[in-house]
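The values are calculated or read from the model by the stated rules, or taken from the named source; none is laboratory data. This is a predicted model, so every value here is computed, not measured. Cβ coordinates were reconstructed from backbone atoms using ideal geometry, including for glycine residues, and neighbour counts include every protein chain displayed.
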Amino acid sequence: MKKIMVALAGQPNVGKSSLVNAVSNARLKVGNFSGVTVDKTEVEFVYRDSRRDADYEIHIIDLPGAYSLTEYTIEEKVTKQFLRNDDYDIIVNVVDATNLQRNLLLTTQLMETGRKMIVVLNMMDEAEEEGIEIDAGQLSRILGVPVIKASAARGEGVNALKEAIVDVYEKPQTTAKVIYSDAIEEEIARIVAFFEEKHYQSPIPYRQLAVRLLQEDTDWYKQMHDEPIWIELLPVLREGLEHIYLHHDTKDLDAIFADEHFAFAKGAKMEVMALHSMRARNPTQKIDKLLINKFLGIPLFLFFMWALFQLTFTLGAVPMDWIDAGFSWLGEQAHAVLGDGVLGQVVSDGIIAGVGAVVMFLPNIVILFLGIALLETTGYMARVAFLLDGFFHKFGLHGKSFIPLVTGFGCTVPAYMAARTLKNERERLITLFILGFMSCGARLPIYVLFAGAFFGQEHAGNILFLIYISGALLGLVMAKALKTFVFKGEEEPFVMEMPRYRWPSWRLIWHTVYGQALSYLKKAGTFILAASILVWFASNYPKSETVAATYAAKIEHAVTSEAKERLRNEAISAQLEQSYLGRIGKATEPFFVPLGFDWRMSVALEAGLAAKEVVVSTLGVLYAQGESADETNGGLIEALRSSIPLPAAIAFIVFVMIYLPCFAASAVFTREAGGWKYLVYLFAFTTSTAWMLSFVAYHVTRMITGG
Amino acid sequence: MVLSELHKGDTAEIIRLNADKMLRDRLASFGILPGEHVVIRECSLARQTIEVEVGATAIALRKDEADKIEVSSD
């Protein structure tokens, strides 16, 4: 069976993914292009060509959307490199029939690669509704490649495409031909004639080689440089270029060929397209009158966001409770089956609790990503960027940064993933680095506990508000600082398409959300699982027999059940104190002493690296209030108030606001940022910021209170 | 005059791009080239971002980029 590798290329928002879905029902393989966080979607299926009575294994690689083969975005870079270096047989160029001219710009560039090619006129149904008529046969004659009318949404043209893939595959060479202006065509003819005269053995057709040389393609110059023909070719080329410069009144070849491509695309469109009716082209402009209105745009957007977060965190809470209950039950069963020994504890408190903590986030992630996928596929995301860019740009961020930043107040894990919507590497990294400053939901119990304990219930609300607002402001200031000192350099321009509003394809959204959920479970899951077992181990081992024995005896002798309970808590506390985690806490105490923290607070902070929820329960254990202590526990509030001075408490809050988010988030951050070194940077960045600001908070409060 | 000086609803012809290669490539890939006509569709509140239409494409630009596009009002 013959194997055909197809590279699917096209501009963004032309319905490439829908076409892949329409062509094959096979499951999509989603991976990454090596070294970058750009999704690589592949699909393979067997096609039986009844005309040839043969089977073909067709393998389609969906390349990232690119407006042109320049290197403006990561997507364009990936696409350009793939088309140049990778192994494939045919380019299928998907074109938006409702925007023919701009799409044909990329088509001309693809034709210049010299590969076999097919053009698919997608969204023909929409084009016809708008009164656009395209003569596909004429376009095919102009371009020299097969042109197929299709509508991925309706599944039209899919079979014709499959047949064309096989036909083109069986052809020896591409017939694509870009026609340039007379000045350039003349020079091409002159160089081709020279090659013919010399009977030069060229690996690619003469015409193509001539174009490459006139475009000053570095690779081909290198190659030709070693050929004996070079010495005679040089004057021909030089003269040719001089003529072209003279004719175009510039020596900038990029600009010359950009003009040529544009002229070709425009010319082709004029010849093949007719606009029949002047019916209002589409509802996009009407919708935009409202959605990007100067005054209504932002309130409307805030409303959509509010609705999305309500859904994410209230609707998501329901399955989260089920998951929590399910895993608790599973843990109890494990205890029951395996006993209370080491094995039972590892499985129940280590593995099951760890996996549970990962799966818990799944409902949030699914709902939020459903929302974001909707924003992206309908075209609204570009409007969000339009509305908010003016403000966020001042801080080195992008209008789209808003969505991950706001998500961060709920949970940092999906927030890191949401930053994918940012296409510019630098803006994405800045956003990732400051996301932790948006205090996530899991930190709330810590704030509630401390605010309640030290400022009284009546002020707690104000203090909470202050904490959240100052975190967000700090994030913006830090973004500006990162932009100025770390991610500096030439600013990249902001030129973005505002795509038409389109109804989303539910199948496509399902694929996106499913893929993201799966990749979260797979990658974050394995890491977090290992980490939570490690933390469980560190907080439980080594077990001191003497401590256990002493307390067992004491409990034996205690009279009241209250005293017994208190002693049990003390026993847990004493065990934790001499566990690895306790020892680490004690060893790192000097680091925290300038901030006024004792070893207990240090241990709580370090345990909080695993999950912020753990901070309160650890404090509960260490202040001997039992493991079930929560932020509303009166005993714990009392214990904290009596043993922690106010300046240290404030410094603690500041530290919690700023330092590294939980393991799950760190694992996701590492993946999204693109490597472990970024996690090291993030750790250094957040820890040093947290330490310094806590130090300031501690000493300022001491000065004010005179303590 | 430059593109950023225009107001909502104005149309203009592009005269010249005073941009470096990267920006010029980007603009060209959207069809923003000398000789083409643009319509201003919307400006954001602080006029930091503007939306223009070229051909069948709507494009958002920052003021910084719009400053680099020389136009003559139609």
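Tabulated results
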| item | result |
| --- | --- |
| Residue A:72 at pLDDT 90 or above and not polar (S, T, N, Q) | no |
| Matching residues, region A:432-459, being free of Cβ contacts under 8 Å to residues at least 60 places away in the same chain, in a helix (DSSP H, G or I) and over 21 Å from residue A:691 (Cα atoms) | A:455, A:457, A:458, A:459 |
| Qualifying residue in region A:398-418 (condition: within 14 Å of chain B (Cβ to nearest Cβ), free of Cβ contacts under 8 Å to residues at least 12 places away in the same chain and in a helix (DSSP H, G or I)) | no |
| Filter result (within 13 Å of residue B:11 (Cα to Cα), surrounded by fewer than 21 Cβ atoms within 10 Å (Cβ to Cβ) and either polar (S, T, N, Q) or at the interface with another protein chain (Cβ under 8 Å from one of its Cβ atoms) (or both)) within region B:46-74 | B:55, B:72, B:73 |
| Those helices (runs of 4 or more DSSP H) lying entirely in region A:535-621 with at least 3 residues polar (S, T, N, Q) | A:561-577 |
| Residue under evaluation residue A:153, criteria (1) crowded, with 16+ Cβ neighbours inside 10 Å; (2) in contact with a Lys or Arg (Cβ under 8 Å, 6 or more places away or on another chain); (3) assigned to a loop (DSSP other than H, G, I, E, B), criterion not met | (2) |
| Residue under evaluation residue A:596, criteria (1) at pLDDT below 85; (2) at positive phi, criterion not met | (1) |
| All positions within region A:94-115 that are away from chain B (no Cβ under 13 Å) and surrounded by fewer than 23 Cβ atoms within 10 Å (Cβ to Cβ) | A:112, A:113, A:114, A:115 |
| Identity of the residue in region A:289-331, part of a loop (DSSP other than H, G, I, E, B) and touching a residue at least 12 places away in the same chain (Cβ under 8 Å), that ends up surrounded by the most Cβ atoms within 10 Å (Cβ to Cβ) | A:292 |
| Yes/no for residue A:387 being within 14 Å of chain B (Cβ to nearest Cβ), crowded, with 20+ Cβ neighbours inside 10 Å and within 30 Å of residue B:51 (Cβ to Cβ) | yes |
| Inter-residue pairs, beta-carbon under 6 Å, first more than 9 Å from every other protein chain (Cβ to nearest Cβ) and free of Cβ contacts under 8 Å to residues at least 40 places away in the same chain and in region B:30-45, second among the basic types (Lys, Arg) and part of a loop (DSSP other than H, G, I, E, B), 6+ apart | B:40/B:8 |
| Filtered residues of region A:460-498 (kept if surrounded by fewer than 15 Cβ atoms within 10 Å (Cβ to Cβ) and part of a loop (DSSP other than H, G, I, E, B)) | A:488, A:489, A:490, A:491 |
| Those residues of region A:56-87 which are touching a helix residue (DSSP H, G or I) at 6+ places or on another chain (Cβ under 8 Å) and among the hydroxyl-bearing types (Ser, Thr, Tyr), in sequence order | A:56, A:67, A:68, A:70, A:72 |
| Subset of region B:7-29 (residues that are at the interface with another protein chain (Cβ under 8 Å from one of its Cβ atoms) and of a type in the set (S, T, N, Q)) | B:29 |
| Residue check for residue A:4: over 30 Å from residue A:132 (Cβ atoms) and touching a Pro at 6+ places or on another chain (Cβ under 8 Å) | no |
